[in-house]
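**Student:** Questions regarding the structure given below will be posed in turn.
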Amino acid sequence: MSVSRSAGTVESESRGSRGSGTETSGLRKIVAASMAGTVVEWYEFFLYATAASLVFGTFFFPNAGTQLDGIIAAFLTYAVGFIARPIGGIVFGQIGDRLGRKHTLQVTIILVGVATFLMGCLPGYNTIGYWAPALLVALRFIQGFAVGGEWGGAVLLVAEHSPNESRGFWSSWPQAAVPVGNLLATLVLLTMSWILPSEQFLGWGWRVAFWLSAIIVLIGYYIRTHVSEAPIFLEARAQVEAEKAISYGVGEVIRKYPRGILQAMGLRFAENILYYIIVSFSIVYLVTVHQYNTSQLLLALLIAHAVHFLVIPQVGRLSDRIGRKPVYLIGAVLGATWAFFAFPMFDTLNPVVIVLAITIGLCFHALMYAGQPAIMSEMFPTRMRYSGVSLGYQVTSILAGSLAPIIATALLQQYKSWVPVAIYIVIACAITAVTVVSLRETKGVSLRDVDFADAKKHGLATADARQA
């Protein structure tokens, strides 16, 4: 079958956005819409992480034994959300590749909002016994299922509209929305912990943060109704509809691009582990080992999240200038060193030093995290891109992010030392570094060329060829 590209298509890619046709002002609106929903969904997802570290261990698992046993039990329910995420990624990836990114993003934001609001309404173990943790697990599963479909749609909506030469920068903005969501969650909990006595905060104050999700969900949903699909996706969808033999979605990407999925998982591995060690296990370490003040700890996280937000887009811009691989590799190498100086900094109990340790860790994390949307978008053709990036990103969360706080807490409990945790991070970073070396550099590549190469490799007719 013919796969030749028309001269008109090549000429159109040399103008304006070089492949996207989207003006900068329009692209900013798309970025804002993508970020708005992402802030909402990650506010709720990370709100659970912080609450699991501070509240849920005693509220839902009062008979777990020691304080660390209760926290581990709470983190196990936290892990349920990660297990649900790849399922959501598969389901919404299939829908997103067939019907579009916009509709899936509207559904996911409603699902995660309802689940989070209901979490704030749950009675504790002392009121309804084992039904309390059971309902918590059910709602956590729904929350994770929705978030599993969120990331792929949010980043692709931007990446597929972005100019080839600046895709790393523009598509890093949805990533920057993640620390904003985390910042908001931390800010709400910090405010409640400041204005309420400890007994009231642990009793009901934490619920307010969950209830506030209803307001920001409505705002995020409204903004997402005003976005449009990327032209390259509309063309790919038309191609699939016109030629029924062309497949799309989860099954197709597993058959045709298993290497790409494994590479995406390898990229995600160290980044995901490092992040949850920094933002979740650091809380556990400081609270259980040093009985560090909760309000001061939340303030430290607040400052670090703000810096993280500012750094991510600049790292995305850097990946457009010097390449995806070198930036990511530097992040993996520096990430391996973090624990060896961060935990001694925690042990000083100096608030400024603690803030610095967490902030440095998140800056190292940004070197890996910022470029993920661009790199993963450039791995897969449009007809299966949502499924490909969702699988690679979300399946890894089961092996990485969901287990990281549990493994780290168990290592601390067993060895009474942070050194095994540091070794755990080094192993994760080594895996990611090897994966980065195995990649080909894709800086500046056209997504149309990715589609063209896919069509040529698998004997498909491209939209360009049919228009020629």
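Just so it is clear, none of the values below were taken in a lab; they were calculated from the coordinates. It should be emphasised that the depicted structure is a prediction, and the values quoted were computed from it without experimental measurement. Backbone-built Cβ (ideal geometry, glycine too); neighbour counts: all protein chains shown.
**Student:** From the mean inverse distance of alpha carbon pairs (Kirkwood) and the Cα radius of gyration, derive Rg over Rh for the stretch 131-204.
**Tutor:** Over the Cα atoms of the stretch 131-204, Rg/Rh equals 1.17.
**Student:** Would you work out the charge dipole size for the stretch 206-314 about its Cα centre, treating the Cβ of every Lys and Arg as +1 and the Cβ of every Asp and Glu as -1, and quote it to the nearest 20 debye?
**Tutor:** Using only the charged Cβ atoms, the result is roughly 200 debye.
**Student:** Given 0.36 nm per residue, what is the gain on full extension from Val91 to Trp204 after removing their alpha carbon distance, in nm?
**Tutor:** 37.2 nm
**Student:** Same structure, new question: Would you work out which of Gly152, Ile303, Ile215 lies farthest towards the positive end of the dipole of the chain? Charges go on Cβ: Lys and Arg +1, Asp and Glu -1.
**Tutor:** Value computed over the given set: Gly152.
**Student:** Debye sum, Cα scatterers, the chain, no solvent: what log₁₀ I/I(0) at q = 0.05, 0.08, 0.13 1/Å?
**Tutor:** Evaluating at q = 0.05, 0.08, 0.13 Å⁻¹ gives log10 I(q)/I(0) of -0.18, -0.45, -1.13.
**Student:** So if I take the centroid of the Cα atoms in the stretch 418-446 and the same for the stretch 89-163, what is the distance between those two points in Å?
**Tutor:** With the stretch 418-446 and the stretch 89-163 each reduced to a Cα centre, they are spaced 28 Å.
**Student:** Using a 10 Å cut-off on Cβ atoms, rank the peptides 296-307, 158-169, 372-383 from the highest mean neighbour count down.
**Tutor:** Taking the mean over residues of other Cβ atoms within 10 Å, the ranking is 372-383, 158-169, 296-307.
**Student:** Between Leu399 and Leu356, what length in nm is gained on full extension when 0.36 nm per residue of separation is reduced by their alpha carbon distance?
**Tutor:** The Leu399-Leu356 span can extend by a further 12.6 nm.
**Student:** A further question follows. Treating only the Cβ of Lys, Arg, Asp and Glu as charged (+1, +1, -1, -1), what charge dipole size does the stretch 78-237 show about its Cα centre? Round to the nearest 20 debye.
**Tutor:** The calculation lands at about 180 debye.
**Student:** Sticking with this one: State the Cα centre-to-centre distance between the stretch 185-234 and the stretch 379-393 in whole Å.
**Tutor:** 28 Å
**Student:** So which of Lys29/Lys457; Lys256/Lys443; Lys325/Lys416 end up more than 28 Å apart, counting from Cα to Cα?
**Tutor:** Pairs exceeding the cut-off: Lys29/Lys457; Lys325/Lys416.
**Student:** For the stretch 253-389, what is the convex hull volume of the alpha-carbon atoms per residue, in Å³?
**Tutor:** Per residue, the Cα convex hull of the stretch 253-389 comes to 113 Å³.
**Student:** Can you compute the charge dipole magnitude of the chain about its Cα centre, using +1 on each Lys and Arg Cβ and -1 on each Asp and Glu Cβ, nothing else charged? Give it in debye, rounded to the nearest 20.
**Tutor:** 700 debye
**Student:** Per DSSP H run of n ≥ 4, the term is -39500 (n - 2.57); total these for the chain, divide by its residue number, and report the mean residue ellipticity at 222 nm rounded to 500 deg cm²/dmol.
**Tutor:** Helices in the chain give a 222 nm mean residue ellipticity of -25000 deg cm²/dmol.
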